[in-house]
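The structure appears below as structure tokens.
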Amino acid sequence: MALKLMGGATFCSLLLCVVAISLFHITCAEDPYKFFNWNVTYGDIYPLGVRQRGILINGQFPGPDIHSVTNDNLIINVFNSLDEPFLLSWNGIQQRRNSFEDGVSGTTCPIPAGKNFTYILQVKDQIGSFYYFPSLAFHKAAGGFGGIRILSRPRIPVPFPDPAGDYTLLIGDWYKSNHTTLKAHLDQGKKLPIPDGILINGRGPNGASFNVEQGKTYRLRISNVGLEHSLNFRIQNHKLKLVEVEGTHTLQTTYSSLDVHVGQSYSVLVTADQPAQDYYIVASTRFTSKVITTTGVLRYSNSAGPISGPPPGGPTIQIDWSLSQARSIRTNLTASGPRPNPQGSYHYGLINTTKTIIVSSSAGQVNGKQRYAINSVSYVAPDTPLKLADYFQISNVFRVGSISERPTGGGIYIDTSVLQADYRSFVEIVFQNDEVIVQSYHLDGYSFFVVGMDGGQWTPASRKQYNLRDAVSRCTTQVYPKSWTAIYVALDNVGIWNLRSEFWARQYLGQQFYLRVYTASTSIRDEFPIPKNARLCGKASGRHTRPL
């Protein structure tokens, strides 16, 4: 049943377009449609030299890139050929007015084994570099991830010349054990061991290579799709000019290496301005007692010889170095974003916040098993997605306010944690990290301004050091050990949205909650109705969406 990737106006494409138009009130005439048919299977992979059971998409590990343009409608038919339920989520795609399609357990029913589901996404008012990944069980440890790039519309100027090439680099830590073994380890209440290695585009040391021509400049879209570790990225004898972070054009600062925390995405420009030979591409762990390193190859087309010398070293445990780099990443206020108005035309620093939410993580034992929590609540998923329970007004699935807006200081307990905030409110969220590890948090459905980060405890006086002019807008932020990070977010996207740790074992064992952005309005100007093809499961089984 799984079809090949289609780009032409075949019968199936036309049929899907008709279905897509019927599912949502979105404009086919104005915004292009792109169609993808993906078959998700298990297959043998050997990224670190041993056979593993990987998750492939159309036979590929990692999966195929999605290339799109601002406002494109993406029709992605996913056929699940695994022997267990499966979901894909779209890290950084905002799903405007449409949290039903977010692809996490709180919003979307799993695709049963042997069945398919067609995601209907619009990359509305977005540009930049993102990725997709499998969100259920511990599938992310087996693959199933791939890059997403959203190009600017032709009439919108980009603040740098077109590069000679555009490469996706998916970096991340990796285990030799199958994902089922790792999941069983967590289910038994144990912590995961140290990863066995790092991959670049699904390959181990020197397995990934990228061809360049001398004198030309290339764009590298780097995403940390790993399970836990922050990684430092660098290229032997070459500089990295940062130009975009998760949909925001940045000041074009040049770095010798770049920290990419788990879940984050960056675009850099690299000019092939060195003598013609091969050079190391390096990714290595940060803030770990044992540094794990992998390499790829930057290969000049007129290379006169192989790589020479050792791989360049990078920072290891220096927190201050990383903090200084993070603070140096700023928005290019004069560049256009997805629209022709400059990115600095939205003066977020002049808006009064309506609420402050303080998020604090903790780790501990519950019933003799390892769990992780936010504000003392360790999230457990119900059998009915929260969004469906909300839409159909099904009781006893979740309770608004089941998590506090501030740390309670109490012990960890298990609940389905949902926090409510009002539509169109402007909220300050403070991530307070009292643990001794670097954390990484992601908020679905939104891009937020990272206004401040520093060591110690956050207090209202910490606002004096906020960047209220050109803070970078992104969807994933790091929080350093015994430190805090503050963000501002305009809650302009109705729905139920996942706020989670990007450390996947912590997410799996409860370090997440859902933010219900609520309005009493039922207008489609505020939120799309349930997709007609939505799968219904749990207590929503047997109900109806809308007539096809």
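So the values come out like this:
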{"quantity": "Out-of-range pairs (alpha-carbon distance over 23 Å; input LYS387/LYS482; LYS140/LYS190; LYS241/LYS464)", "calculated": "LYS387/LYS482; LYS241/LYS464"}
{"quantity": "Cα gyration tensor shape for the range 480-548, rounded if a/c is under 1.5, else prolate or oblate", "calculated": "oblate"}
{"quantity": "Accessible area expressed per residue, the chain, with surrounding protein chains retained (probe 1.4 Å, Å²)", "calculated": "38 Å²"}
{"quantity": "Kirkwood-based Rg to Rh ratio, the range 103-236, C-alpha trace", "calculated": "1.02"}
{"quantity": "Distribution of pairwise C-alpha distances over the range 161-271, 5 Å bins, in %", "calculated": "2, 11, 19, 22, 17, 11, 7, 6, 4, 1, 0"}
{"quantity": "The chain - percent of accessible surface contributed by carbon and sulfur, probe 1.4 Å", "calculated": "52 percent"}
{"quantity": "Computed Kirkwood radius, in angstrom, where 1/r is averaged over Cα pairs of the chain", "calculated": "23.8 Å"}
{"quantity": "Computed lengthening from THR522 to SER301, 0.36 nm per intervening residue step minus Cα-Cα distance", "calculated": "73.8 nm"}
{"quantity": "Rg over Rh [alpha-carbon atoms, Kirkwood Rh] for the range 69-137", "calculated": "0.97"}
{"quantity": "The chain - mean residue ellipticity at 222 nm from DSSP helices (-39,500 (n - 2.57) per run, n ≥ 4, rounded to 500)", "calculated": "-2000 deg cm²/dmol"}
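The values are calculated or read from the model by the stated rules, or taken from the named source; none is laboratory data. Note that the structure is predicted; figures quoted are calculated from it, not measured. Heads up: the accessible areas ignore ligands, DNA and RNA and are worked out on the full protein's heavy atoms, side chains in. Shrake-Rupley method; radii C 1.70, N 1.55, O 1.52, S 1.80 Å.
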